[in-house]
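I have placed the structure first, in the form of structure tokens, so that the comments after it can refer back to it.
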Amino acid sequence: VQLQASGGGLVQARASLRLSCVASGRTFSRIAVGWFRQAPGQEREYVAVISWSGVTTYYSDSANGRFTINRDNAKSTVYLQMTSLRPDDTAVYYCAGRSSSSATMSPEDYVYWGQGTQVTVSS
């Protein structure tokens, strides 16, 4: 499975962005997918993850209530809708896939990684 993230950009605080993660490969509908981010000098952290069916989702404390993850398996795409963006959301955002249908929050559980898309939020 190959993943490609897009949709990042430079926005002001309180703005919204929608990130997309498009996958290639026939097994996309059977894998869990997550969004992770990494800011300069910091470790990669999870933002939101979704199971293969879309029924199960998990959000980090920072993302909960502001971000929404969903997927369209017919389009092999996972989305991350981000609202009320803050400067501390600034990071490179990566989408990643597991070789499993269940969602977990640890980056180490994900084996397929996209190239990342930069999100910069100005105050």
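In segment 20-48, how many residues are touching a residue at least 60 places away in the same chain (Cβ under 8 Å), open to solvent by 20 Å² or more (accessible area, probe 1.4 Å) and outside any strand (DSSP E or B)?
Of the residues in that region, 2 qualify.
For residue 55, work out the one condition from (1) over 11 Å from the mean Cα position of the chain (by Cα); (2) of a type outside the set (Ser, Thr, Tyr); (3) under 16 Å from residue 96 (Cβ atoms); (4) not in a strand (DSSP E or B) it doesn't fulfil.
(3)
Can you confirm whether segment 88-105 contains a residue that is assigned to a strand (DSSP E or B), open to solvent by 60 Å² or more (accessible area, probe 1.4 Å), modelled with pLDDT of 95 or more and not small (Gly, Ala, Ser)?
So far as segment 88-105 goes, no, none of its residues is assigned to a strand (DSSP E or B), open to solvent by 60 Å² or more (accessible area, probe 1.4 Å), modelled with pLDDT of 95 or more and not small (Gly, Ala, Ser).
Those residues that are open to solvent by less than 40 Å² (accessible area, probe 1.4 Å) and β-branched (Val, Ile, Thr), I need them from segment 1-19; list them, please.
Listed by number, the list holds a single entry, 11.
Identify all residues within segment 62-87 that are assigned to a helix (DSSP H, G or I) and open to solvent by 70 Å² or more (accessible area, probe 1.4 Å); write none if there are none.
Listed by number, the residues that qualify are 74, 75.
Could you please tell me which pairs satisfy a Cβ distance under 8 Å, a separation of 6+ or placement on different chains, a first residue in segment 96-123 that is farther than 15 Å from residue 69 by Cβ and among the acidic types (Asp, Glu), and a second residue that is surrounded by 15 or more Cβ atoms within 10 Å (Cβ to Cβ) and modelled with pLDDT under 90?
Once the first residue is farther than 15 Å from residue 69 by Cβ and among the acidic types (Asp, Glu) and sits in segment 96-123, its partners that are surrounded by 15 or more Cβ atoms within 10 Å (Cβ to Cβ) and modelled with pLDDT under 90 give 109/100.
The values are calculated or read from the model by the stated rules, or taken from the named source; none is laboratory data. Here the structure is a predicted model, which is why all the values come from computation and not from measurement. So basically every Cβ, Gly included, is an ideal-geometry build from the backbone, and we count neighbours across all protein chains shown. What goes into the accessible areas is simple: the full protein's heavy atoms, side chains included, and nothing from ligands, DNA or RNA. Shrake-Rupley method; radii C 1.70, N 1.55, O 1.52, S 1.80 Å.
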